[in-house]
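Q: I am attaching a structure below and will ask some questions about it afterwards.
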Amino acid sequence: MSFIALPPRAQPVAGTPPAPLPVPGIVENDGWFPDILLTDMRDAMRLDGTVTDARLVQAVVDAILQVNRELADWQGKHAAAGITALVDVPATRINRESRLLAQYRRAVYSTAKADLIERYRDYDSTATSVSDKKSMEWLDEAPGAQRRNAQWAIADIVGRTHLTVELI
């Protein structure tokens, strides 16, 4: 028989309302960048139930942190100009929303999927086992393609041109 001792929970300060519980299926962002809906990501990136919600949340949180870090200077310039959220940055609209929202989601989704593919090399988006050479080549190339998509989305947000250089 064994047991695990946990440290005591911190007692809330009197008069302070408790923090709200996270909403299932949503990874809350920092308030300036948009939240990420896991069902939307699953649909867009063709992820089925093989990737558990817990694994997907971890990958999305890591992706958000990375993309937000890469956009920090760009965000800071807009925040200094009084813009309080990405949705408020002036931009063209596609499908009734700011193109910046679509590009931000693409950057996060692609970064998260690249991470999932790298961590779970025995998993692909169709939930088949990797047994043939073609599938192995796909697993070798797919993370790089997803990271390229993420970098191009970030470049589009900040106004940089796309550039891919491969050393021979």
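The values are calculated or read from the model by the stated rules, or taken from the named source; none is laboratory data. The shown structure was predicted, so the numbers you read here are calculated from the model rather than taken from an experiment. Here the Cβ is made from the backbone with ideal geometry for all residues, glycine too, and neighbour counts use every protein chain on show. Side chains included, ligands, DNA and RNA excluded: accessible areas come from the protein's heavy atoms. Shrake-Rupley method; radii C 1.70, N 1.55, O 1.52, S 1.80 Å.
Q: For Leu37, work out the one condition from (1) modelled with pLDDT of 95 or more; (2) open to solvent by 80 Å² or more (accessible area, probe 1.4 Å); (3) over 22 Å from Val158 (Cβ atoms) it doesn't fulfil.
A: Just one mismatch for Leu37, condition (2).
Q: How many of the residues in the stretch 145-168 are small (Gly, Ala, Ser), under 21 Å from Arg93 (Cβ atoms) and surrounded by fewer than 18 Cβ atoms within 10 Å (Cβ to Cβ)?
A: 2
Q: Related question: Quick check, is Arg106 among the basic types (Lys, Arg) and either open to solvent by less than 90 Å² (accessible area, probe 1.4 Å) or at pLDDT 95 or above (or both)?
A: Against the criterion (among the basic types (Lys, Arg) and either open to solvent by less than 90 Å² (accessible area, probe 1.4 Å) or at pLDDT 95 or above (or both)), Arg106 qualifies.
Q: Here is a follow-up. Condition first: more than 11 Å from Phe33 (Cα to Cα) and either free of Cβ contacts under 8 Å to residues at least 12 places away in the same chain or open to solvent by less than 40 Å² (accessible area, probe 1.4 Å) (or both). Now tell me which residues in the stretch 66-88 satisfy that. I'd like the intermediate steps shown before the answer.
A: Looking only at the stretch 66-88, we keep the residues that are more than 11 Å from Phe33 (Cα to Cα), and these are 66, 69-70, 73-74, 76-83.
Passing the criteria: Arg69, Asp73, Trp74, Gly76, Lys77, His78, Ala80, Ala81, Gly82, Ile83.
Q: Hey, can you tell me all the residues within the stretch 46-65 that are under 18 Å from Ala102 (Cβ atoms) and surrounded by 12 or more Cβ atoms within 10 Å (Cβ to Cβ)?
A: Within the stretch 46-65, Val60, Ala63, Ile64 meet the criteria.
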